[in-house]
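The values are calculated or read from the model by the stated rules, or taken from the named source; none is laboratory data. These numbers come from a predicted model, not from an experiment. Here the Cβ positions follow ideal geometry from the backbone for every residue, glycine too, while neighbour counts run over all protein chains shown. Just so you know, the surface numbers come from the protein's heavy atoms only, side chains and all, with ligands and any DNA or RNA stripped out. Shrake-Rupley method; radii C 1.70, N 1.55, O 1.52, S 1.80 Å.
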Amino acid sequence: MLREGRLGKSVDAEFARYTSSLAFDRNILEYDILGSMAHALMLGRRGIIQEEEMKRILAGLLKIYRSRSVSLDHALEDVHVAVEARLFEEIGETAGKLHTARSRNDQVALDLRMLARDRINRISRALLALEEVLLKISGENKETPMPGYTHLQRAQPTTLAHHMLAHFWSFARDLERLEDAYRRVNLSPLGACALAGTSFPIDRTEVARLLGFSGIVENSQDAVASRDFLLEPLSALAILAVNLSRLAEELILWSTAEFGFVELSDELSSTSSIMPQKKNPDALEIMRARVARAIGNLTSAFALVKALPLAYNRDLQELSPVALDSFEILEASVSMLSRILSTAEFKHERMRATCEGDFLTATELADYLVREKGLAFRTAHRIVGRLVAGAVKAGISPDKITPEMLDDAALEVIGKPLGLSKEELECCLSLEKSIAGKRSTGAPSPPAVEESISRGEAKLAEFRARLEDRERKVKEAFEALLKEVERLAG
Ligand code: ARG
């Protein structure tokens, strides 16, 4: 359809297949038609095409929109041409007027922005659900002790609630990054045409408004050449992917017999074809691996845009499926993780048992010596270190430590005993007391966790309100546009 003027009718079939974007374009068909409706409406309103022509075009577009079927013949190159070809079948020669003051370059940028907008919102919705699950688990486990780790070695006691909140707050930043990216995605490039705008008296702002955008991309070259509106969400998604993988990895570890902290639901587990006893966390392994693609996609995207001269280059077409892949991976993974977490059974007894027997409260004892005995922390650290080393060597468990043993260690380090009572020592080494003492903001004591949960809930409510506002604006714009098109199409 496009080629006749300059190149003649026929095209090499292999060339057509190699260069076509139609395989991806089914994902932007709906946006493309809506974009064309808004464009036609504006052309008619501004007298660039006649009212009758506008009505015929809108009627044709409406029919295509309802059937959502266009030819996917690669010779058509892409969805923009496919829709126009279908419009010709519907309304004849008038179809040729639709492309006045427009180019496929601004059209595809528009479609991709509309796609990114929806996908960001869908992922945000999935993330909000995951955040709810994390808050629920936290609310139920404020008094469930578990070891906190550094270097994957048991370090200090914390609670399951506190651990889940760590992930909660990290995903909250992912939500923020997506929100932030959305603001720059939600701008219309339409009217940029090929690169230099147009001499027709178009109204770019009107088209943007009809499609629910908050504004336009100012410069017409920038509008068709730039893809940072995809690089930005892809970066946010790569970070989200990394955050997800850390929780996925922990659940994989926790579900081993070695940890035994969690039992995943049978429905969301696999087994072995040879070892009948096996229960495997396959979805989490897939997740851990699939996020690698989200990281790779970001690298592909950067490499693809890097050093491209302005304005449009066909290279940009290769970015679309890469971006979509990341959008799909993250939406599916976030949703899967919500289901896995909300059906998982945490093994409280086992978590508690791993806190005992490993001197996790040694820091508390050192802190106590600083507070009550006026020692420098470094000195207290050395005394308790000596005490633990002696106990480990003699095979003595923490609950069998005596004040005399502490005095022996103190004698070695500072040349005098400390004279702690048995009760004082027990109190310092108690798991519950250690956790209860951690009252600083964001720390694991139940009251601090309670406050953190409240702040988290408030934050989620704000995210949700803003998300609903974004979704509503797009939905209302589309509804109003379709209503107007239906009215004019008769
Ligand atoms: N399929 C193309 C893409 O995705 C649409 C724009 C084509 N523009 C052009 N000048 N060939 O980028």
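Brief remarks follow.
- Gyration tensor (alpha-carbon) shape descriptor, region 49-88, a/c threshold 1.5: oblate
- Dipole magnitude for region 29-158: computed about the Cα centre from +1 point charges on Lys and Arg Cβ and -1 point charges on Asp and Glu Cβ, it is near 420 debye.
- Within the straight-line cut-off of under 26 Å between alpha carbons, the lysines reachable from Lys433 are Lys136, Lys142, Lys347, Lys373, Lys400, Lys422, sequence neighbours fewer than 8 places apart in one chain being disregarded.
- Rounded Å value of the spacing that divides the Cα centres of region 92-137 and region 270-298: 30 Å
- Among Gln50, Thr159, Ser342 the positive-end extreme of the charge dipole of the chain (Cβ point charges): Gln50
- On a per residue basis, the chain carries 47 Å² of accessible surface, using protein heavy atoms and a 1.4 Å probe.
- For the chain, a crude dipole built from +1 on the beta carbon of Lys and Arg and -1 on the beta carbon of Asp and Glu, taken about the Cα centre, is about 640 debye to the nearest 20.
- Within the same chain, aspartates and glutamates fewer than 8 places from Lys279 are excluded, and of the rest, those with a Cα less than 15 Å from its Cα are Glu258, Glu263, Asp266, Glu267, Glu345.
- Candidate lysines for bridging to Lys473, where Cα separation is under 25 Å - those fewer than 8 sequence places away on the same chain excluded: Lys63, Lys459, Lys483
- Options Ala225, Pro444, Ser272, ranked by Cα towards positive dipole end of the chain, top entry (Cβ charges): Ala225
- The distance separating the Cα centre of region 335-383 from that of region 437-480 comes to 28 Å.
- Electrostatic dipole magnitude of region 127-254 [Cβ: Lys, Arg +1; Asp, Glu -1; Cα centre; debye, to 20]: 140 debye
- Under 12 Å, Cβ to Cβ, from Tyr312 - net charge with Lys/Arg +1 and Asp/Glu -1: 0
- A helix-only calculation puts the chain at -22000 deg cm²/dmol for mean residue ellipticity at 222 nm, using -39500 (n - 2.57) for each DSSP H run of at least four residues, averaged over all residues.
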